[in-house]
Amino acid sequence: MALIQNDKLRHIVRSGWRGVCPRCGQASMFDGWLKLAARCPACGLDYSFAHADDGPAFFALCLTAFPLVFIVVWIEVTWSPPWWVHALVSVPILALGCLGSLRPFKGWLVVSQYLNEAP
Ligand SMILES: [Zn+2]
C-alpha cells in the first residue's frame with residue numbers, strides 16, 4: 001500500500017514538474033505557458049477532467065511568495081538599501097518566483113486530479 005502511494009506521489013511530482021501528459025508522459029499538457037491543451041497530442045487524453053482553478057495561484061502565494069517576501073524583508077532590515085535595490089532585486093525575485101512556480105503547481109494539480117479521478 002505504501003509502495004503504491006510512493007509510486008503515485010513520484011508520478012505526480014515528475015509528470016507535474018515536467019508538465020507532461022499524466023497518462024503517456026510523452027507530450028506537454030500545456031498549450032502555452034499556463035493554458036492546458038484540449039487533449040494530449042500523443043495519446044489523445046481529454047483534459048476536460050482537469051479543473052486547477054485558483055489552486056496554482058494559491059500554492060504560488062503560500063509556498064513561493066511568502067518565503068520570498070521574508071527574503072525581501074530580510075534585505076531591507078539587514079542593509080536598508082535605497083529603493084532602487086528593491087526595484088532591481090526584490091521585484092524581479094518575487095515576479096519570477098511566483099510566475100515560474102505557477103506552471104509546476106498547475107502540472108502537479110492536473111496530474112493529481114488525473115490519478116485520483118477528481119470530479
Ligand atoms: Zn498523453
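The values are calculated or read from the model by the stated rules, or taken from the named source; none is laboratory data. Note that the structure is predicted; figures quoted are calculated from it, not measured. So basically every Cβ, Gly included, is an ideal-geometry build from the backbone, and we count neighbours across all protein chains shown.
What to note about this one:
- Residue check, Val13 farther than 16 Å from Leu99 by Cα, surrounded by 14 or more Cβ atoms within 10 Å (Cβ to Cβ) and away from the ligand (no atom under 16 Å from the Cβ): yes
- Residue match in region 81-93 (condition: away from the ligand (no atom under 16 Å from the Cβ) and assigned to a loop (DSSP other than H, G, I, E, B)): yes
- Filtering region 1-32 to residues that are at pLDDT 90 or above and in a loop (DSSP other than H, G, I, E, B) leaves Gly19, Cys21, Pro22, Arg23, Cys24, Gly25, Gln26, Ala27, Met29, Asp31, Gly32.
- First in region 54-71 and more than 24 Å from Val110 (Cβ to Cβ), second anywhere and of a type in the set (Val, Ile, Thr) and assigned to a helix (DSSP H, G or I), Cβ under 9 Å, 6 or more apart: Leu68/Ile93; Ile71/Ile93
- The residue of region 33-44 that is farthest from the ligand (Cβ to nearest atom), among those that are assigned to a loop (DSSP other than H, G, I, E, B) and over 15 Å from the mean Cα position of the chain (by Cα), is Ala38.
- Taking the conditions (1) farther than 24 Å from Asn116 by Cα; (2) within 16 Å of the ligand (Cβ to nearest atom) in turn, Phe66 satisfies each one other than (2).
- Residue tally, condition near the ligand (Cβ under 10 Å from one of its atoms) and on the phi < 0 side of the Ramachandran plot, over region 16-32: 9
- Qualifying residue in region 96-111 (condition: hydrophobic (A, V, I, L, M, F, W, C), modelled with pLDDT of 95 or more, surrounded by fewer than 16 Cβ atoms within 10 Å (Cβ to Cβ) and farther than 25 Å from Leu9 by Cα): yes
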